[in-house]
Amino acid sequence: MSTHASSRRDFLYNLSLGVSSSLLFPSFANCQRVNKDKKLGIALVGLGSYSTYELAPALQQTKNCYLAGIVTGTPAKEKIWAEKYNIPAKNIYNYQTFDSIADNKDIDIIYVVLPVALHKEYTIRAAKAGKHVISEKPMAVSVKDCQEMIDACKQANRKLSIGYRLHFEPFNMEMMRLGQKKVYGKVKTIECENGFVYGGDPNAWRLKKALAGGGGLMDMGVYCIQGARYVTDEEPLYATAREEKTNPVLFKEVDETIYFTLEFPGGAIAKGISSYNKNLNHLKANAEKGWFELTEAYRYGGMEGATSDGPMKFDPNVNQQALQMDDFANCILEDKQTRVPGEEGLKDLKVVEAIYRSIQSGNKEKI
Ligand code: NAD
């Protein structure tokens, strides 16, 4: 997709409407270089598809941080990445040499981009090595693991963030604003669905409970839980859920599709669907005086949204990951709290665990 051209088109379009650029790109203000002499070094741990196709390219566009190092278990990738991104040999690690990264002054931030069950181990090892950490979502396979990650980073006096890129994406930020500021009155109901038809390797880690912690709910459902939480700015009290499994062979170990309901203290009810067997990408809030909705809600680009007053007009293709990493680097440089700390990931895992409990018990479960 020609991201740049379409971004520029939208930008000019919005300028013609008289919309200020700070409104269009709300997070850019946070991402300016705060100290021109210091760009923080990031090391990516795990060079799979998200690192390869999203994070490394995004790190070519960041202002506060850059791709300084890699950690990989595949020797063949070392040369390819070193050449492509000009990474010196001293900044290349494998999983055995990882801990010696403590002595490497080029690396300020470790970004853990591994299968979910490994997030805890590498976050804790990174914190012990004296590095700040970003862990990919979902944060871990259990609330207990999330807490251990938070504790380890606190103990090491290092910052911890979760890869929740949508907090830096204008359409989702608008959903937060409209819900939290009650622009259309109190939110009554939320619809949040996210899923895709899994057509990948039947032996991949995503289908192994021990590595993934769960299926569609862990991978896709966390975006729905996030959406419901950031529209209301409340923590849900109860979860009720049921599971549908049409392919018990492929999804032997993990959930395929889950239908869930979350009840919020202010009275809002969220109805969610997570799936590895349905194409879904939607977040809608129905409020007292109107509605607001993203029909392309959780993607890397091509966002689409509207309210009961008409279409939302923002740049649909900002580089979410670049904004996310720049903001975290800026938080470190300015010693500020990240808007997506480990506690955000833990709160989502609390909801995930209640949903799984409800499927087991057949009852409404307290979160
Ligand atoms: P992937 O399968 O493409 O890559 C995983 C990497 O981990 C591979 O390089 C693999 O070699 C390595 N690895 C190390 N130890 C492993 C082990 N024991 N078993 C399997 N692989 C092992 O996965 P991905 O899509 O890049 O996802 C990685 C993480 O990023 C996951 O936590 C995922 O949820 C997250 N993710 C986030 C987003 C987002 O939008 N924020 C998008 C995609 C993935």
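Each value in this text was obtained by applying a stated rule to the coordinates, not by laboratory testing. Owing to the predicted nature of the structure, the values given are computational and were not obtained by experimental measurement. All Cβ positions, glycine included, derive from the backbone under ideal geometry; neighbour counts span all protein chains shown.
Normalised by the number of residues in region 196-328, the average gap of Cα pairs under 8 Å and 6 or more apart makes the relative contact order 19 percent. Per-residue ellipticity at 222 nm for the chain, helices alone: DSSP H runs ≥ 4 residues times -39500 (n - 2.57), over residue total, nearest 500 deg cm²/dmol? Counting only the DSSP helices, I get -9500 deg cm²/dmol. As a rough footprinting exposure proxy, the listed residues Y66, Y184 were ranked by other beta carbons within 10 Å of their own, and the order from fewest upward is Y66, Y184. Under 10 Å, Cα contacts only: if you run a Gaussian network model on the chain, which one of Y53, Y198, Y93 comes out with the highest mean-square fluctuation? With Cα springs under 10 Å in the chain, the top fluctuation among Y53, Y198, Y93 is at Y53.
Each Cα pair under 8 Å and six or more residues apart adds its separation to the average, and for the chain the resulting relative contact order is 20 percent. Amide H contacts under 5 Å for M312: G305, A306, T307, restricted to partners 5 or more places along the chain or on a different chain, H placed in the peptide plane at 1.01 Å from N. Distances between placed amide hydrogens fall under 5 Å for Y93 paired with I70, V71, T72, all partners being 5 or more residues away or on another chain. For K77, give me every one of the lysines with a C-alpha distance below 16 angstrom, ignoring sequence neighbours fewer than eight places off in its own chain. Straight-distance partners of K77: K90. Taking other Cβ atoms within 10 Å as a rough exposure proxy, W81, W291, W205 sort from fewest to most as W205, W291, W81. Lysines within cross-link reach of K137: Cα-Cα under 18 Å, excluding same-chain residues under 8 positions apart? Output for K137: K120, K159, K208, K209, K347, K350.
Give the order of F98, F168, F328, F314 when sorted by the count of other beta carbons within 10 angstrom, beginning with the fewest.
The order, fewest Cβ neighbours first, is F98, F314, F168, F328.
Applying the Karplus relation 6.51 cos²θ - 1.76 cosθ + 1.60 with θ = phi - 60° to region 85-91 yields 3J(HN,Hα) values of 10, 6, 9, x, 4, 5, 9 Hz, where x marks Gly and Pro. For the chain, the percent of C-alpha pairs falling in each 10 Å distance bin, counted from 0 to the bin holding the largest distance, reads 5, 24, 33, 26, 11, 1. Computed over region 189-282, the range of Cα coordinates on each principal axis works out to 43, 24, 19 Å, biggest value leading. Across the alpha-carbon atoms of region 80-189, the computed radius of gyration and Dmax are 17.8, 56 angstrom.
For region 139-219, what is Rg from Cα atoms divided by 2.2 N^0.38 Å, rounded to two decimals? Normalised Rg, Cα atoms only: 1.48.
The Kirkwood hydrodynamic radius of region 228-367, based on inverse pair distances between different Cα atoms, is 17.4 Å.
Volume of the convex hull of region 257-338 (Cα atoms only), normalised per residue: 161 Å³.
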